[in-house]
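Quick one: the structure is below, and I'll ask about it shortly.
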Amino acid sequence: MNWVIVTGAYPPDEMGLADYTVLVSEELAARGDRVWIFAGAGPDTGRSTAAGVTLRRFPAHFGLRALAPMSRELGRVPQPRQMLLLYVPQAFGPRAWMQKRRFRGVPLALCLWLQSLRERVWTTFFEAAVVPGPNPSRSTRVLAAATRWMLNLTLRKSSRVMVATPALAEVIREVTGAEPATEWLPVPSTLPVRIEPARVAELRRRLLGEDGETLLGHFSSYRPAMADLLYPMVESLLRDQAKRRLILIGQGSEDFAAKCRAAWPELASQLLATGNLPAQQAAEHLSACDVVVEPYLDGVTTQRTSTMGPLALGCLIVTNDGPWTESVWRESGAVALAAKPDAGLLVAKVEEVLRTRPALGERAAQLYAQRFSLGCLVDAITSPRERPVIAGDRRREPAAA
């Protein structure tokens, strides 16, 4: 099979969608397929480092000037071919490549181009549309209307609809009124799963220093929604715990640590921050931790690579339930789950895990291997399910590989 993957992000972009694109394309190529990646403006490296994968970049980040070159390039991809659209609406806009945190462009031209094709399009949704909150600004209302219109166009063109979490199927239904047959394809870890125990043991000794005994960890990009929930936990986890260390991993961790040190200078020596790390080093740091804490305002989901990473590594994870959380997290026993996104409940759950040391790690690694791994994802992409998940049915589980 020849695959055309249309994506709004590709390295050197620093976002999860870029890593996802690389992982899926290289796994497809490793199975003997050929892959063409259609990405927006950026460094033109030609053929990617993986055999069987070709990168094509287009001007204006899928704006009007990109449409003719995209059509020509698509015509050069031999049959049989299948187009896979990785849908994050604002990642495709003409200004998207300039934004590191939240994209502002909208893929109007791309959506119209898709309508003109005779191709079957399979679409994986990582986001669906902007849903405005109370008292939205005029610009937010305009963006919400635009992304709703684009979502309708994309659904009309999609012969197969996949979502990273079932809650997105509910968003699609609420925004558009449509209820397409929807498949649940969890997002795999973007970190290596294989690590050297000796390297991890040495890293742990170095991070703890002479006086440390317990190493807690957190892995994220420290956006406000996450950081605001984590912030009050820091003092509670470290206060009167001189032998405890908290290591903050990921882009934005240094700024967040500086904020915490300014608030509680007496805890400064117990706070560590790595900044943005290569994937292998991030995996080693997570593996060195006694407990990894991952709070979410809307609850843990199978879209959260910040949890999938430590899950794949068999870490002890404390996270929380929420409106988007799938039942697999409650039923598997693979994570310690606080009842809601509450700092006090999460801290109490961390203390419980440290005290009892439940067998979460083994169950976490097993759950990941059986349900969420890259192999499971590509199996699902290449072999459409006969009985898709019904839109909005969060009780169903992703099929085992």
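Read the figures in this text as sums done on the coordinates, not as results from a lab. Being a predicted model, the structure only gives us computed values, none of them experimental. Glycine gets a Cβ as well: all are built from the backbone with ideal geometry, and neighbour counts include every protein chain shown.
Once segment 309-357 is represented by equal point scatterers at the alpha-carbon sites, with solvent omitted, what log10 I(q)/I(0) does the Debye formula produce at q = 0.27, 0.32 Å⁻¹?
With one equal scatterer per Cα and no solvent, log10 I(q)/I(0) is -1.13, -1.26.
Looking at Leu346, Ala263, Phe372, which one has the Cα that reaches farthest to the positive end of the dipole of the chain (charges on Cβ: Lys, Arg +1; Asp, Glu -1)?
Towards the positive end, the residue furthest out is Phe372.
Sticking with this one: For segment 370-382, in order, what is each residue's ³J(HN,Hα) by Karplus, 6.51 cos²θ - 1.76 cosθ + 1.60 with θ = phi - 60°, in whole Hz (x at glycine and Pro)?
Couplings: 7, 10, 10, 5, 4, x, 4, 4, 6, 4, 5, 5, 7 Hz.
Let me ask something else. Could you sort the peptides 182-193, 332-343, 274-285 by per-residue average Cβ neighbour count (10 Å cutoff), highest mean leading?
Put in order of decreasing packing, that is 182-193, 332-343, 274-285.
Give me a comma-separated list of calculated 3J(HN,Hα) values for segment 323-334, in order, Karplus coefficients 6.51, -1.76, 1.60 applied at θ = phi - 60°, integers in Hz, x for any Gly or Pro.
So the Karplus estimates, Gly and Pro as x, are x, 9, 6, 7, 5, 4, 6, 7, 9, 7, x, 8 Hz.
Would you mind putting 360-368, 122-130 in packing order, based on average other-beta-carbon counts within 10 Å, highest first?
On the way: 360-368: 18.0, 122-130: 22.2.
Descending packing order for the listed peptides: 122-130, 360-368.
Next question, about the same structure. Dipole magnitude of the chain about its Cα centre, charges +1 at Lys/Arg Cβ and -1 at Asp/Glu Cβ only, in debye to the nearest 20?
So the dipole magnitude of the chain works out to roughly 1380 debye.
If you don't mind, another one. All other residues with a Cβ under 13 Å from the Cβ of Ala66 taken together, and with Lys, Arg as +1 and Asp, Glu as -1, what is their net charge? Walk me through the numbers before you get to the answer.
Working: positive: Arg56, Arg57, Arg65, Arg72; negative: Glu73.
Net charge in that neighbourhood comes out at +3.
From the C-alpha gyration tensor of segment 197-372, pull out the three semi-axes of the equivalent ellipsoid (sqrt of 5λ each), sorted largest to smallest, in whole Å. Don't skip to the answer; put the middle values down first.
Working: eigenvalues 106, 68, 47 Å².
The three semi-axes for segment 197-372 are 23, 18, 15 Å.
Determine the sum of side-chain charges near Val300: Lys and Arg each +1, Asp and Glu each -1, restricted to other residues whose C-beta is under 11 angstrom from that of Val300.
Values: positive: Arg304, Arg330; negative: Glu294, Asp298, Asp321, Glu326.
Every neighbour counted, the sum reads -2.
Give me the net charge for the shell around Trp122: Cβ to Cβ below 11 angstrom, other residues only, Lys and Arg +1, Asp and Glu -1. Walk me through the numbers before you get to the answer.
Details: positive: Arg120, Lys157, Arg160; negative: Glu119, Glu183.
Net of charged neighbours comes to +1.
What do the square roots of 5 times the Cα gyration tensor eigenvalues come to for the chain, in whole Å, largest first, as semi-axes of the equivalent ellipsoid? Write out the running numbers ahead of the final one.
On the way: eigenvalues 272, 99, 91 Å².
So the three semi-axes of the chain are 37, 22, 21 Å.
Report, ordered by chain and residue number, the aspartates and glutamates lying within cross-link reach of Lys157, taken as a straight Cα distance under 18 Å and ignoring same-chain residues fewer than 8 apart.
Glu119, Glu127, Glu179, Glu183
Let me ask something additional. Mind listing the phi-derived Karplus ³J(HN,Hα) values for segment 284-296, rounded to whole Hz, using 6.51, -1.76 and 1.60 with θ = phi - 60°, and x for any glycine or proline?
5, 5, 5, 5, 6, 7, 6, 9, 10, 10, 10, x, 9
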